[in-house]
Amino acid sequence: MSKLELNVSNGDREQVPLFADVLLPVPITRLFTYRVPDELDERIGIGFRVVVQFGKKKIITGVVAKLHEHPPEIYQAKYIIDLLDEEPVMNKKQFDLYDWIANYYMSSAGEVLNVGMPSGLKLNSESKIQLNPEFELQNSNSGFSEKELRIINVLERDQVITYGEAARILQIKSYLKIIKSLLEKGVILIFEEIREKYAPKREVFLRLKKHWLEDRYLKELMSELERRPKQLDVLMAYLNLVPVYNDKKLNTDGARKKDILAHDISPSSLKTLEKNGVFESYRKIVPRFSLPSSDNNYSVNLTEIQEKANSEILAKLETHQTVLLHGITGSGKTEMYIALIRQVLDHGEQALYLLPEIALTTQIVTRLQKVFGDHMGVYHSKYSDSERVEVWKGLISGRFSLIVGVRSAVFLPFDHLGLVIVDEEHEYSYKQFDPAPRYHARDVAQVLARIHSAKVLLGTATPSFESYYLAQEGKYGYVALNERYGKASLPQMIFADLALERKQKTIKGDFTSVLVDKIAGVLSRNEQVIVFQNRRGYAPYIVCEECNWIPKCTNCAVSLTFHLYFNQLRCHYCGHHERLPVTCPACGSTRLRTMGFGTEKLEEDLKLLFPEARIQRMDMDTTRRKYSYQKIINDFEQGDIDILVGTQMVSKGLDFDHVTLVGVFDIDRMLHFPDFRSSERTYQLAVQVSGRSGRNEKPGEVVIQTANLRQPILHYISRQDFPDFYNHEIEDRHKYKYPPFYRLIRITLKHKDKTTINLSAHFLAEKIKGSFNKHLVLGPHEPTISKIRNLYLMELIIKMPRNNVDLSNLKRMLSDAVISMKQQKEYRQTIVMFDVDPY
């Protein structure tokens, strides 16, 4: 877009300045207008990244959302500092989606951009140190310490150093004091160097010098190198990788240096051949993210039942934007997804396959890669910033047409999306909690699809009540798949009575004799076991048997969890940790006892009960590294693990042929958690984890340990009868005004002072009740965890009928009430957070 040229009265032509409204990754609700420099006039466009000054000192990356000729009325527009792109990195459909997310989830578009755009596409600034041009050491009267002189001498030689380099030069922890002293004496200046975080990956490649491509010269070289066998090995390794004798053009790209060295080649011999002019090296940009090509021998063949369900899905998608596929565990939903994705890609459209957990992507990617090869990109937080940028840019360039990812993949720059698949759509992992926006990826995916005129397939064995309700109401299409793939059958459910076994003293640690006997039988048949406990760590807390002292977090109102591996007490909310005390700080007793159990404790107990078994734990503590999930899953698939102990990440969609037993712990705690969804979530977790058993021809079993066999939910779990369970629960949902009949907004207030947080919460509640039905406003009340990171918390819950309520007006009223509260001087520092659809 160029500046407009206008005719003026004196006949001269005047250029109208061009302005850009820029979306900045800051929690502010509006765009900021910047002046476009003349030299960028012809190059800038919507979706381009720009470097701008925000405030007095801050330099940040923004994205151009609009171009126009209207200067701002209330402030002087600053100039854009620089343009970072030759092509746009965002498109209009993304801006539309980001705006919807900001409006619906009561956040700002800047917060959406901050979460949605990978860090690698944002600028990074690094503090640098240089000598003050006005400083002269010879004329200075200041007395300098030996360490200060060391920094000055380095700066006189190198001119500029970073903070990190200063720390290495001084080799002391208090190096910042030295820098501060030099700054106060006027010796140095501090400045920020701006640079892009993302840089293309380059690797060293080798190729033969042009001279050696002639057959006779190459033969002469090989004859000459026969006296130097190590150098001949280098040449032969290259020729195996790059057969130039068949096609000389192959030498243009050559081979990666590391690939040549991988053939047990001497690096010094390779270096000699480079020095002698046989090889030349160059650096080439290579993708960080790459998958092998598709496997032409791999085919997906649907059964007759799957073909029928697939036809039903296609028919329903003709009349509905969204279809719910309700297929029992092990029914082969993934094969059906593959068939649908293939159809979409064959029509030249893009597909998005959402998964709730990174753990699931490992196994799914392996299967999808065989079909879609390097046309598929994978997007999740275990990948580096640069790898995520390459997937982002690969989608723009057309390199990827299928994206497999977790919830953040909804923010990617799709431009002709045809299908979104949300696998395990019931999963709570699709909900983002912090930071804002607190979005739900399943719901955002449907808006994304609507913007692209695409279709959505929700798949699960245990639908969320919202999705099932909308399917029953006819707003979603509905397809059921009630048989397992092949000859597999649903596992047999066995309930072990904890109360009875404690009374009879047959329990071993936290394991009932029923479960122990079943595990022993499975191991004797060389089959595999999954043990599920939805709590990581060794024990929920430690208690002194003399005075009942329990260690608490210094920052949060929670007890500390004991982690045996680290020998630490840890807070799972703020990260605070401390060593396990030898004696009780309150009374001095040494009688400290663990209470309850987590995955770490179960792993230890199993090693004592089954010393010959190979046991592995899969939870957040054991999967922090990039390829941890992949290694554990691969080891389990290969039969190198006999018993896998894990949290909810083992319950979702994983497919293991030799698992014939699943043990479920602590179902009573899950069921009685203070949450209106506790029954729904308990049913989902129990059915999902039980679905890992007996997925092949071998029959499977599930042992669920409970202290109350008469709980009604156990009846529904044993029969896996979701419709009856739903009908039983839905009456209470309607009676007490909860989803799917009502929407919820949770307002959380935070302040460092407990009195202030109480007063501000009551002030806000009165404001809201004055403008809204007070019977639909719950609170204020303290949440279950009333203090986190030294901030006290209070909550309000707003209930809204699903229909006949103007959501926009209601949200505006809530925002106005918060503004009114913050106008009170004593409540100004209160932090307020909105969470729409919080549960």
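The values are calculated or read from the model by the stated rules, or taken from the named source; none is laboratory data. Values in this document were obtained by computation on a predicted structure and should not be read as measured data. Positions of Cβ are generated from backbone atoms using ideal geometry, with glycine treated the same way; all protein chains shown enter the neighbour counts. Side chains included, ligands, DNA and RNA excluded: accessible areas come from the protein's heavy atoms. Shrake-Rupley method; radii C 1.70, N 1.55, O 1.52, S 1.80 Å.
Could you size up the charge dipole of region 315-464 around its Cα centre, putting +1 on the beta carbon of Lys and Arg and -1 on that of Asp and Glu, and report it in debye to the nearest 20?
The calculated dipole for region 315-464 is roughly 60 debye.
So what's the Cα pair-distance distribution over region 405-503, bin width 10 Å, in %?
12, 34, 27, 16, 8, 2, 0
Write down the Kirkwood hydrodynamic radius of region 689-739, to one decimal in angstroms, obtained as one divided by the mean of 1/r over all alpha carbon pairs.
13.2 Å
Summing Lys, Arg as +1 and Asp, Glu as -1, what charge do residues with Cβ under 11 Å from the Cβ of Thr506 carry, Thr506 excluded?
Spelling it out: positives minus negatives among the neighbours equals +1.
Straight-line reach from Lys209: which lysines fall under 28 Å, measuring Cα to Cα and dropping same-chain residues less than 8 apart?
Lys201, Lys219, Lys230, Lys248, Lys249, Lys257, Lys258, Lys271, Lys275, Lys284
Considering the dipole of region 60-194 built from charges on the beta carbon (Lys and Arg +1, Asp and Glu -1) around the Cα centre, which of Tyr79, Met117, Val64 is farthest to its positive end?
So the residue furthest toward the plus end is Met117.
If you work out Rg/Rh (Cα atoms, Kirkwood Rh) from the coordinates, which of [x] 1.03; [y] 1.10; [z] 1.00 do you get?
[z]
Where does each of 411-419, 168-176, 48-56 land if you order them by average Cβ count within 10 Å, highest first?
Taking the mean over residues of other Cβ atoms within 10 Å, the ranking is 411-419, 48-56, 168-176.
Tell me which aspartates and glutamates have Cα within less than 15 Å of Lys601's Cα, excluding those fewer than 8 residues away on the same chain?
Within the straight-line cut-off, Lys601 pairs with Asp510, Asp619, Asp621, Asp666.
Could you name the lysines in cross-link range of Lys333, using Cα to Cα under 29 Å and dropping any fewer than eight places away on the same chain?
Lys308, Lys316, Lys370, Lys382, Lys431, Lys455, Lys475, Lys487, Lys626, Lys631, Lys652, Lys698
Report the label-to-label distance for Ser127 and Lys210 in nanometres (one decimal), using points 7 Å from each Cα along the Cα→Cβ vector.
5.2 nm
Run the simple label-point estimate for Ala613 and Ser381 please: 7 Å along Cα→C-beta, distance reported in nm.
3.1 nm
Under a 1.4 angstrom probe, counting protein chains only, how are His380, His715 ranked by accessible area, largest first?
Accessible-area ranking of His380, His715, largest first: His715, His380.
How many percent of DSSP beta bridges within the chain run antiparallel, rounded to 5?
Of all bridge pairs located within the chain, approximately 60 percent are antiparallel.
For region 675-741, give the magnitude of the charge dipole about the Cα centre (Cβ charges: +1 Lys/Arg, -1 Asp/Glu; no others), in debye to the nearest 20.
140 debye
Just to confirm my understanding: which cysteines in the chain have no other cysteine beta carbon less than 4.7 Å from their beta carbon?
Result for the chain is Cys574, no neighbouring Cys Cβ within the cutoff.
At 1.4 Å probe size, with no ligands or nucleic acids counted, give the accessible surface of Asp21 in Å², nearest ten.
Surface accessible to solvent at Asp21 totals approximately 20 Å².
Considering only DSSP states other than H, G, I, E and B, which chymotrypsin sites (Phe, Trp or Tyr not before Pro) in region 578-667 qualify as loop sites with at most 15 other Cβ atoms within 10 Å?
Answer by residue number: Tyr627.
What does the charge dipole of the chain about its Cα centre add up to, to the nearest 20 debye, if the Cβ of each Lys and Arg holds +1 and the Cβ of each Asp and Glu holds -1?
Around 1700 debye, computed over the chain.
Sort 60-69, 179-188 for me by packing, meaning the mean count of neighbouring Cβ atoms within 10 Å per residue, highest on top.
With the highest mean Cβ count within 10 Å placed first, the list reads 60-69, 179-188.
Which whole-number value in Å² is the accessible area per residue of the chain, probe 1.4 Å?
Ligands and nucleic acids excluded, the result is 48 Å² per residue.
Of Phe834, Ala499, Gly394, which is farthest towards the positive pole of the chain's charge dipole, taken about the Cα centre with +1 and -1 on the beta-carbons of Lys, Arg and Asp, Glu respectively?
Among Phe834, Ala499, Gly394, the one farthest towards the positive end of the dipole of the chain is Ala499.
Could you tell me what percent of the DSSP beta bridges with both partners in region 515-663 are antiparallel, to the nearest 5?
Percent antiparallel among DSSP bridges in region 515-663 is about 50.
Within the chain, what whole-number % of the accessible surface is contributed by carbon and sulfur, with the 1.4 Å probe and all protein chains included in the calculation?
It is 47 percent, rounded to a whole number.
Pulled fully out, how much extra length does the chain show between Ala707 and Cys547, if you take 0.36 nm times their separation in residues and subtract their Cα-Cα distance?
In short, 54.8 nm is gained.
Counting Lys +1, Arg +1, Asp -1, Glu -1, what net charge surrounds Ile265 among other residues with beta carbon under 14 Å of its beta carbon?
+2
Work out how much length Asp264 to Glu184 would gain on full extension: take 0.36 nm times their residue separation and subtract the Cα-Cα distance, in nm to one decimal.
23.1 nm
Check each of the chymotrypsin sites (Phe, Trp or Tyr not before Pro) in region 679-741 and keep only those in coil by DSSP with at most 16 other C-beta atoms within 10 angstrom; list them in order.
Passing sites in region 679-741 are Tyr736.
Taking amide H positions as placed in the peptide plane 1.01 Å from N, state which residues far from Thr660 in sequence (5 or more) or on other chains have amide H under 5 Å from it.
Gln528, Gly694
Give me the mean projected area, in nm² to one decimal, of the convex hull enclosing the Cα positions of region 491-650.
11.4 nm²
Tell me which GluC sites (Glu not before Pro) from region 587-653 have a DSSP coil assignment and no more than 12 other beta carbons within 10 Å of their own.
Answer by residue number: Glu612.
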